[in-house]
Structure formats: C-alpha cells, structure tokens
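Visitor: To start, I am sharing the structure in question, which I have written as structure tokens.
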Amino acid sequence: MLSLIWQGAITGLLYAIASLGLVMVFKSSHMVNFAHGSMAGFCAFIVYMITSGLEWPWLVGVLAALATAVALAAIAYFAIAPLITKEGTTATIATLGLGLMLQGLILSLFGANIVNLDLPLPSWSMQVLGLRITLYELVVLGVATFIVVFLFLLIDRTRLGIAFRTVSTHAFAAEVCGLSIRRVHLFAWIASAILGVIAAVLIVPTTFLSSTTVTTFMLQAFAATVIGGFDSLPGSIIGGILVGIATNLFAFYVAPEFMNTFLLVFIFTSLTIFPGGILSRRAGGRV
Amino acid sequence: MDMANHGAGLVAKEIKLAFGGLQVLNNVSVSFPPGVITGLIGPNGAGKTSFFNCLTGLYRPNSGDISLDGRALKGVSASRRARLGISRTFQHVALSPELSVAENVQFGLHASRKSGLADALLPLPSAWSDREESRHKAIEALSLVGLSHLADVPAGGVAPGTLRLVELARAMVGRPRVLLLDEPAAGLNSSETKDLVQTLRQIASRELVMVVVEHDMDLIMQICDVINVLNFGTLIAAGTPAEVQANPLVAEVYLGAADD
Amino acid sequence: MSESTLSRTAGPTPNAGLGDRLTRLLDVALLLLLLVVPWVAPSFWTYILALSLANAIGVLSVSVVIRYAGEVSIGQNFFIAVGAYAVAILQARLGVPFPVGVAFGTLLGCVMGLAFAWPSRKLSGVYLSVATLALGLCVPELLLHWTDITGGFEGINVKPNLVAGVPGGIQQFYVALGGFAIVVIALARFRHSRYGIALLTARHHAKAAEAFGMPLASVRLLVFALSAGIAGFGGSILAFASSTVSPNSFTFWSSVYLLVGSVVCLYSTKPSAAFFGGLFITLLPQLLSDYGELVEIIYGFTLFVVIYLFNIVLPHLQAAIRRKQARNGHG
Ligand SMILES: Nc1ncnc2c1ncn2[C@@H]1O[C@H](COP(=O)(O)OP(=O)(O)OP(=O)(O)O)[C@@H](O)[C@H]1O
Ligand SMILES: [Mg+2]
C-alpha cells in the first residue's frame, strides 16, 4: 500500500510537470493546448531516434529534443497567436488541428511501431522503512523538485516572470502598461513545451513509446490540471500527485484496463466537489 | 377591485450584499407596490444593478429577505422567479445577435410556454399553434415600442439604441407581474426618450410592479410616482419626485458626484 | 411610439431573403441528386456516399454543441459507439430488427448524453472540453473489455436486412439518406423552437437566459441530450451503412475527425453544408488509403486553413473593401 502510494506520487510528479505546461499556456493565452501531448510525443521520438537509431549519446538526444520542443512551441504559438483573441473555442479547436498534423508527422517519420526508450540509469535501489526506492524514482523526484523550484523562482523573481504574472491576471492593464504580451505568451508556450518533453522522456521508460502513448499519457496531465484548477500552478502539482496516487491504487486494486474510464469518473467527482479546481479562485460573473 | 387583491407587490427587507471586502448593498429595505411606478436612482456604482440582480435571483444576497406578494423568494432560482412573473431588462443589452428581433422578444415568453422537446424537433400540429401564438404576441409587444417592422431582421444588424427597446419588448411580452427596467433610456435620443415615456405609461397598470433605474432625471421625474435614492449601497432617501428633489442629502450626493 | 424615429435609428434592413432562398434551392437539388445515386453510380460510390451521409449525422452532432452551446466536444465517438453497438448487438445477439435497434440506440445515446451532462452541468469551457476528452478516450477500453458482447477487436457484422429482396447496398444508401434527412429536418425545426431560441440567447448572455427561465444547467443537459441523441442515431445508421462495427472506428481520433468535418462546413446545420462535412471526412481516407498518415496531416492542415480563412483572412478582406468603398465614396 505504502509503496503503491509512493510510486503513484512519483508518476504523479511527472503528470504535474506536464500539467504545469498546460497551466502556463492557459494562464497566459486563456486556451487549452490540445497539441501538448503530440508535441511532447514528437520530441520523445526525437530522443529515441538519436539514442537508438543513430546511437549517439543520451545528452545529444535530450538537447535535440529540447531544441525541437522550443522550435515546435514557437511555430505553434505564432500559428495560434492571431486566433487567441477570437471568439471562445476557435484557438482551442486550432490546437487540435496542430495535434493532428503532429500525429501524422510522427506516423510518417517514425512509423506506428511500439518501441522502448530507457533512461541510461543503472538499476540501483535502496530500502527505506520497508519501501524500495529506485534510482529512477530519485531522479524523477530530483528533476521535479528542480523544475518546480526553478519555475517558481523564474516567475517570482525575473522580469519575464513578473510580466507573465501581470499578463495572466490583468491582460488589459498589462497591455496598457506597454508590456509585450507576445513575448510573454511565447515564453509561456516554450516553457510549456519544455515541461511537456521532460515529462514525456521521464514517463516513457515506465511504459513504452508509440505514436499514441504520449497523447494518452496526456489525459493524466489534463486530469491533473482540471483537478488542480486551470489557472493555478501549485494546483497542478497537487492535482498531478493526486492523479498519480489515485490511478496507481485503482490499477492495482480494481482494474488497470479501465484507466481512462476511472479518470473520467475521477475528474467528475473532483469537479463536483471543487468546481474550477482545488486551488481556483473564481469571481462571480458580472451582469 | 381593491388593493388587497393585488397583493403586497415586491418587498425587500434588509438586503446585504458584499463582494469580498466591498459592501455593495447595506441593509436595503424597500417595497415596490403594484400600480406604482417606482424610480431607483443613485450615482454610478451605488448598487442599483446589483440590487436588481438580487431581486431577480442572479446574485444571492448575504442576508435579508425578498418576497413577492407575501411569498418568500429565498432559495428560489432566477429561472423559477421568471416563472413567478419577475421580468427585467439589462443595462448592457443582452440579446442574441443570431436571432431575429421577433425571436429575441419571443424568448421573453420562454418561462410560460408549454411546448416540449418533441414539439421542438417533430412537425407536430400543437407546436405550430404554439409558435404562431408566441410570434403573434412578440409582434404585438414590438408594435408597442414601434418596432414591428423590424420583426424579421437579425438583431445583430440593428442599432444599439433600438435594441434597448427590443429588450423592453422582451421584458414585457409575457405580461409580467414585476417589471424591472435597468436604464431603459440609455443610448436613446430625446425624441425616442419621449416615446419611451409614453410607452411606459401605457404598459403601467394597477397590477404591475414597475421599477425604473435611470440616470435621466427628467424621465424619472416625469414618470415615477415614488423615488428611492441609493448611495454606496445605502438607501438615503425615498418619497415623491418633489420630495426627493427638495431633499438636501440627495442634492449633495448628486452635486458631490458631479464635482469629481 | 412613432414609427418615424425608429426607422431612422434602425438603419437599412439587410436583404436576408435571397441568400436563404439560394441555399434552400441548393439543399433541395442535393437531396434530389442523392435520391438517384444508387441507380446511376457504381456500387463503390453508393457505399461511399452512404457512409458520408452517416458521418454527416455525426458531424451535425458536433456542430450542434458548438453552435448552440459554444463548446467543443471531442468525446462524440462515445455516443456514436453507443448507437452503433446498440444496433449491432441487438441484431447479432437477439435478432432485433433494425428500426427497433435505431430507436434504442438513439434513446441510449440521449440517456448517455444526459448522464455525461449532469455532472458537467456547471463546468465552464476548458473543464468541459477536458471531460469530453476523457469520455472519448475511454471508449476502446470499454469495448475491448466485454468481448463476449462486443466482439472484441473484430467487432460485429451488421446485416442490411431491413427489406427482404432489396440489394444490401441500396438498403444501406437509402437508410443513410433517410436518417440524414430526418436529422436535418429536425434540426431546422429546432432552430426556431422555443428551445432553439433559448439556447442561442444563453450562448451569448447566459445570465439573461437564466433570468428568463433557462439556466446554464438546463442548457448543458439539453444540448448534450440533443447532440448525443443525434450521435447515437448517427452511430446506428453508420453501423447499418458500413455493415460492421469495431473499436477502431470509434477512437478518440474519430471525434477529432468529426470536428474537422464540422469546421470545414463552418458548424452549419444546413443539409448541403453538413453533407459536405461528412463527405470530406469519408472520402479522404478512402482516396489516401495507402498513405494513412497523410490523412491526419491533411485534416490538421485543412482545419487550420479553414479557421484562418474565416477568422483572419476574410475579416481583413472585408475591412479592406469597406475602407476602399469609404475612400471612393469621399473621392
Ligand atoms: N459580480 C461582481 N463582482 C464584484 N463586484 C461587483 C460585482 N457586481 C457589482 N460589483 C460592484 O458593486 C458595486 C455596485 O455596482 P452596480 O453595477 O450595482 O452599480 P450601479 O448602481 O448599477 O452603477 P451604474 O449606474 O454605473 O450602473 C460596484 O462597485 C461594482 O464594482
Ligand atoms: Mg447599473
């Protein structure tokens, strides 16, 4: 039981990282990026291609994937940017178009095969209070902690971060004050894509890599976001860990094959109790 | 008929409403009897619209009671209040640009229409008569504000000033018990405003509770029998137009506001 | 109130009549043309057009959500699967005739729509979209679990046995055409019904709709009951028209395809537009069956192009034309 919770929490950290990316985009551009998963999946395949196909070192693969993520994010943002101001769902629908294109690109470049992508880590583990902790888990914990601290420092301390906070809470005021909204948006999109790649590369070793796995894995990230609240970065982390633990317990005690159905029910239950997410501050609509 | 048959009208008792630390309504107690046109005035941000929202159930007051003809409205949703005959216009035009003008007005009948989903989808004879009747009523209401010729024009293509009158038609088409008008003359020119005064006098009746929020003092003084003055969420004066005009407190509020 | 002051403020009334009549003419011409297809076209095309009509119903179910609620649903594959499997299971396992299957599939779709809408009745945009994403993703795992009933990966065959003696292809085509016509007519009626009016008001001013008796929760329930009912109906027709149901036809991506179809027909509920949407998402995979991955790229690209065209390019052009007219008017 304890080890299930521990493992769930570790996986949950990865959901949280991916979810942070969704929230960054939502806070700045007020839309959902449904291509988030496809973008991350594409970059994970880049890592695979470089490390397994070309047999180059891991570091090269990861750097190439990060570069791809930045490029993809920039392209995606500039394609979507003119639509952000349009009515309601337009920009969100457009991201599904992006997702489709990336999905097709993954299929035509890397095929529909299922492949393995492991981290270059020795299989080492230790026992703490009867809990078996692997090196992989420690790495995930380390990376997640680093990312969270780094992201919060970035948003809290740097000029870009302050601009980001201003844009996300008072878009109009920010514009009046002469802040470059586009720069802030671009920052959010790139950060989001990088977070997505990191989560994808760290989650793939526990399963396998195919044209659809990362997209599906993103449902967990979406669930984490919804549960934590689309407008709350700390909410993402809580949501991610909750989703990780809950799905792990469900898979072990009930039925692993009903994961998506469980997530649907979990989302509904959580939103019934916390409409707008656990950490959401919602103001009533004016009339 | 005597007054008792018309009931007590709409009564609000000690309404308090706050958003975060902002006290928007502070112990407001007013009664709006039927057969009387009541004015509700006050400077910008006084809480007039918020008070309407409390009366119609769109906002939930933190405390206080509202009743219609003695029936307590606590816990009654906005939609149920519509069915009880409370109707209103909005300060910012709230019509659908996709619908024709007549359809927008027909929506005022929504709460009283009985046709169900089967009627909405299938070509049933009962649906035809319901549709005919509601369209007929809508056009009648539009003629009252002089807009029947615009019935089939999409509302998106109509001038904003005119749309206020469409709002008025939508609010009164269902022959409501209570009619709350939030700045009906905003955006109208002087001759349109004159027409509006006439229309309002025409629809006023012994059964109808009518409340008008308006910044146009001439209009208020012309049509209202009683005026309530709201300032920073507190009721500071009430009385006939002459009394209110003579009230030094009211003058101060308005002059003070004008000084800014 | 005098008419004179008002006609001044109202401005010129737009000439809406002509365009309306033209599209109606197009719709009638299309229906007449479709009526003769099985007698003049090769059977392959009859089959493709039958599938297009069935898919057009699915496209309409997506368009209904966007037009009447302003929300995106990418979980329509769930409701379509419900309708399709209802027909297939009832026919294959219990020998129930097709019309009963359709009625049951539609009703079950409606009920599922309500069951989905109830917990999400207060959710706003993004939260609802994510809930539909989860709904769409859970279809295959449900279908693959109860293999005895659903036939697992292979699925179930659906026999076109509505009218004895009539060739299957012809039955399939006319059932699809009839189903499409029913949905289109019902939606045309719905638009002017009291609920159509209420939904279109709620879409722009939710609070006003609430104040006149149509709260957000009712909007959600109604839109999803309607959309899921149409999807269930469309799924039943699709099962009949394609003679088979299998989990592969009802993945989350098929919902995204339906959304593509809905975008290319501009979310319209008009017959010719919806038919075009259905045709687009049916024909392309057939034409490019050897290049499956290209289909996704083309769909994604088309979706982008259409959205750009109608949200960015056309408004720019219109503004430019208006500016030019204004300049000519002055000069
Ligand atoms: N939903 C809300 N959330 C937060 N504050 C609100 C909300 N609705 C109203 N307020 C605040 O309540 C106060 C009263 O607003 P209200 O719109 O009722 O004033 P009003 O008298 O109608 O003014 P006006 O004449 O400008 O229409 C304002 O300070 C406003 O900012
Ligand atoms: Mg106001």
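The values are calculated or read from the model by the stated rules, or taken from the named source; none is laboratory data. If you're wondering where the values come from, they're calculated on a predicted model, not measured in any experiment. Glycine gets a Cβ as well: all are built from the backbone with ideal geometry, and neighbour counts include every protein chain shown. We work out accessible area using only protein heavy atoms, side chains counted, and drop any ligands, DNA or RNA first. Shrake-Rupley method; radii C 1.70, N 1.55, O 1.52, S 1.80 Å.
Visitor: On average over all directions, what projected area in square nanometres does the stretch A:2-273 have, based on the convex hull of its Cα atoms? Numbers along the way, then the final one.
Guide: Values: hull surface 60.8 nm².
The orientation-averaged projected area of the Cα hull of the stretch A:2-273 comes to 15.2 nm².
Visitor: What whole-number volume per residue, in cubic angstrom, does the convex hull of the C-alpha atoms of the stretch C:26-292 give?
Guide: Working: hull volume 32.9 nm³, N = 267.
That works out to 123 Å³ per residue.
Visitor: Oh, and also: Simple spin-label model, 7 Å along Cα-to-Cβ: A:Leu249 to C:Leu94 in nm?
Guide: About 3.8 nm, to one decimal.
Visitor: Okay, moving on. Could you tell me the convex hull volume per residue, in Å³, taken over the Cα atoms of the stretch A:35-130?
Guide: On the way: hull volume 15.2 nm³, N = 96.
It is 159 Å³ per residue.
Visitor: Suppose R0 equals 30 Å; then what is the FRET efficiency for B:Ser143 and B:Arg206 from their Cβ-Cβ distance, rounded to the nearest 0.05?
Guide: Details: r = 23 Å, r/R0 = 0.75.
FRET efficiency, B:Ser143 to B:Arg206: 0.85.
Visitor: Could you tell me which trypsin sites (Lys or Arg not before Pro) in the stretch B:189-231 are loop residues by DSSP with no more than 13 other beta carbons within 10 angstrom of their beta carbon? Intermediate values should be presented prior to the final figure.
Guide: On the way: sites: B:Lys194, B:Arg201, B:Arg206; in loops: B:Arg206.
For trypsin sites (Lys or Arg not before Pro) across the stretch B:189-231 that sit outside H, G, I, E and B with at most 13 neighbouring Cβ atoms in 10 Å, the list reads B:Arg206.
Visitor: Just the number, please: carbon plus sulfur as a percent of the accessible area of the stretch C:46-143, 1.4 Å probe, no ligands or DNA/RNA counted. Don't jump to the answer; show the numbers that get you there.
Guide: Values: 1930 of 2540 Å².
After summing per-atom areas, the C and S share lands at 76 percent.
Visitor: Please list, ordered by chain and number, the residues whose modelled amide H lies under 5 Å from the amide H of B:Leu10; skip anything fewer than 5 residues away on the same chain.
Guide: Amide H to amide H, under 5 Å and 5 or more residues apart or across chains, B:Leu10 pairs with B:Phe32, B:Asp69.
Visitor: Something else now. Taking springs between alpha-carbon atoms closer than 10 angstrom, which of A:Ile273, A:Ile198, A:Ile245 fluctuates most in the Gaussian network model of chain A?
Guide: Checking each option, the largest mean-square fluctuation is seen for A:Ile273.
Visitor: Follow-up question, since we're still on this one. May I ask you to give the solvent-accessible area per residue for the protein assembly as shown, in square angstrom, as obtained with a 1.4 angstrom probe?
Guide: Numbers: 37120 Å² over 878 residues.
Ligands and nucleic acids excluded, the result is 42 Å² per residue.
Visitor: Also, I was wondering about something else. Given Cβ point charges of +1 (Lys, Arg) and -1 (Asp, Glu) and nothing else, what value in debye, to the nearest 20, does the dipole of the protein assembly as shown about its Cα centre take? Walk me through the intermediate numbers first.
Guide: On the way: 52 positive and 45 negative charges, 103 e Å.
For the protein assembly as shown, the charge dipole is close to 500 debye.
Visitor: According to a simple spin-label model (label point 7 Å from Cα along Cα-to-Cβ), what is the distance in nm between C:Val111 and C:Gln318?
Guide: In this crude spin-label approximation the distance works out to 4.5 nm.
Visitor: While we're looking at this one, here's another question. Could you compute the longest span of chain A free of GluC sites (Glu not before Pro) located in DSSP loops and having at most 15 other Cβ atoms within 10 Å, not counting the site residues? It would help to have the intermediate numbers written out before the result.
Guide: Working: sites that count: A:Glu55, A:Glu87.
Of all site-free stretches, the longest is A:88-287.
Visitor: Would you kindly calculate the translational diffusion coefficient of the protein assembly as shown, applying Stokes-Einstein with the Kirkwood radius from alpha carbon pairs, for 4 °C and a viscosity of 1.567 mPa s, and quote it in µm² s⁻¹ without decimals? Walk me through the intermediate numbers first.
Guide: Details: Rh = 30.0 Å.
My calculation gives 43 µm²/s for D.
Visitor: Do any residues of the stretch B:183-215 show a loss of at least 30 square angstrom of accessible area between the isolated chain and the full protein assembly, using a 1.4 Å probe, and if so which?
Guide: Checking the loss per residue gives B:Glu192, B:Asp195.
Visitor: Take the eigenvalues of the Cα gyration tensor for the stretch B:92-175, scale each by 5, and report the square roots as semi-axes in whole Å, largest first.
Guide: Details: eigenvalues 105, 32, 25 Å².
Each semi-axis is the square root of five times an eigenvalue, giving 23, 13, 11 Å.
Visitor: According to the square roots a ≥ b ≥ c of the eigenvalues of the Cα gyration tensor, what is the shape class of the stretch C:209-331, taking rounded for a/c under 1.5, prolate for a/b larger than b/c otherwise, and oblate for the remainder?
Guide: Oblate is the answer for the stretch C:209-331, as a/c is 1.5 or above yet b/c matches or exceeds a/b.
Visitor: Which shape class applies to chain B: rounded if a/c is under 1.5, otherwise prolate when a/b exceeds b/c and oblate if not, where a ≥ b ≥ c are the square roots of the Cα gyration tensor eigenvalues?
Guide: Details: a/c = 1.83, a/b = 1.47, b/c = 1.24.
It is prolate, given that a/c is not under 1.5 and a/b is the larger ratio.
Visitor: Give me the distance in nm between label points sitting 7 Å out from Cα along the Cα-to-Cβ direction at A:Ile162 and B:Leu124, one decimal.
Guide: 6.5 nm
Visitor: Right, next: Out of B:Asp225, B:Asp182, B:Asp130, any idea which swings most in a Gaussian network model of chain B, alpha carbons joined below 10 Å?
Guide: Of B:Asp225, B:Asp182, B:Asp130, the most mobile in the Gaussian network model is B:Asp130.
Visitor: Right, another one. Ignoring any ligand, DNA or RNA, what whole percent of the accessible area of chain A comes from carbon and sulfur when the probe is 1.4 angstrom? Walk me through the intermediate numbers first.
Guide: Values: 8340 of 12220 Å².
On chain A, the fraction of accessible area on carbon and sulfur atoms equals 68 percent.
Visitor: Taking R0 as 45 Å, what's the FRET efficiency between B:Leu117 and B:Ser29 from their Cβ-Cβ distance, rounded to 0.05? List each step's numbers first, then the result.
Guide: Numbers: r = 42 Å, r/R0 = 0.94.
The computed FRET efficiency comes out at 0.60.
Visitor: What does the charge dipole of the stretch C:26-292 about its Cα centre add up to, to the nearest 20 debye, if the Cβ of each Lys and Arg holds +1 and the Cβ of each Asp and Glu holds -1? All intermediate terms of the calculation are to be shown ahead of the outcome.
Guide: Numbers: 12 positive and 7 negative charges, 167 e Å.
The dipole magnitude comes to about 800 debye.
Visitor: Using a probe of 1.4 angstrom, how much of the accessible area of chain B is carbon and sulfur, in percent? Could you put the intermediate results ahead of the total?
Guide: Values: 6000 of 11070 Å².
Percent of accessible area from carbon and sulfur atoms in chain B: 54.
Visitor: Another question, then. Checking buried surface per residue: for the stretch C:99-128, which residues lose a minimum of 30 Å² accessible area in the protein assembly relative to the chain alone (1.4 Å probe)?
Guide: In the stretch C:99-128, residues shielded by partner chains: C:Pro119, C:Leu123, C:Val126, C:Tyr127.
Visitor: Next question, about the same structure. Report the accessible surface area buried between chains B and C, summing both sides, using a 1.4 Å probe on protein heavy atoms only, in Å² rounded to the nearest 100.
Guide: On the way: alone 13160 and 17860 Å², together 27000 Å².
When B and C are taken together, about 4000 Å² of accessible area is lost.
Visitor: So which residue, out of C:Leu30, C:Leu187, C:Leu18, gets the largest mean-square fluctuation from a GNM of chain C using Cα contacts under 10 Å as springs?
Guide: Of the options given, C:Leu18 has the highest mean-square fluctuation.
Visitor: About the Cα centre of the stretch B:92-175, what is the dipole size in debye to 20, counting +1 per Lys and Arg Cβ and -1 per Asp and Glu Cβ, all else neutral?
Guide: Computed charge dipole of the stretch B:92-175: roughly 220 debye.
Visitor: In vacuo Debye scattering of the stretch C:69-118, one point per C-alpha: log10 I(q)/I(0) at q = 0.21 Å⁻¹?
Guide: The Cα Debye sum returns log10 ratios of -0.70.
Visitor: To the nearest 100 Å², how much accessible surface do chains C and A hide from each other in total, with a 1.4 Å probe?
Guide: Numbers: alone 17860 and 14280 Å², together 28220 Å².
Summing both sides, the interface buries roughly 3900 Å².
Visitor: Could you sort out which of B:Lys16/B:Lys74; B:Lys194/C:Lys207; A:Lys86/C:Lys270; B:Lys114/C:Lys122; A:Lys27/C:Lys122; B:Lys74/B:Lys114 sit more than 18 Å apart by Cα distance in this structure?
Guide: Working: B:Lys16/B:Lys74 13 Å; B:Lys194/C:Lys207 30 Å; A:Lys86/C:Lys270 24 Å; B:Lys114/C:Lys122 25 Å; A:Lys27/C:Lys122 21 Å; B:Lys74/B:Lys114 26 Å.
The answer is B:Lys194/C:Lys207; A:Lys86/C:Lys270; B:Lys114/C:Lys122; A:Lys27/C:Lys122; B:Lys74/B:Lys114.
Visitor: Moving on. How much of the DSSP bridge set in the stretch B:120-260 is antiparallel, in percent, rounded to the nearest 5? Before the final figure, lay out each step's value.
Guide: Working: 5 of 10 bridges.
Percentage antiparallel, nearest 5: 50.
Visitor: Same structure, new question: Spelling out what I want: for every residue of the stretch A:250-261, take phi, set θ = phi - 60°, compute 6.51 cos²θ - 1.76 cosθ + 1.60 (Karplus), and round to whole Hz; glycine and proline get x.
Guide: For the stretch A:250-261, the Karplus-derived couplings read 4, 4, 7, 8, 10, 7, x, 6, 9, 4, 5, 4 Hz, x marking Gly and Pro.
Visitor: Follow-up. Counting other Cβ atoms within 10 Å of each Cβ, which trypsin sites (Lys or Arg not before Pro) in the stretch B:80-144 have at most 10 and sit in a DSSP loop? Before the final figure, lay out the partial values.
Guide: Numbers: sites: B:Arg80, B:Arg81, B:Arg83, B:Arg88, B:Arg113, B:Lys114, B:Arg131, B:Arg135, B:Lys137; in loops: B:Arg113, B:Lys114.
Those that pass, being in a loop and sparsely packed, are B:Lys114.
Visitor: Using a Förster distance of 41 Å, how high is the FRET efficiency between B:Asp65 and A:Thr169, based on the Cβ-Cβ distance and rounded to 0.05? Kindly include the intermediate steps, with their values, before the conclusion.
Guide: Values: r = 37 Å, r/R0 = 0.90.
Result of the calculation: an efficiency of 0.65.
Visitor: Follow-up. Under the classification rounded if a/c is under 1.5, otherwise prolate if a/b is larger than b/c and oblate if not, where does the stretch A:209-266 fall, given a ≥ b ≥ c as square roots of the Cα gyration tensor eigenvalues?
Guide: On the way: a/c = 2.18, a/b = 1.31, b/c = 1.67.
Cα axes put the stretch A:209-266 in the oblate bin.
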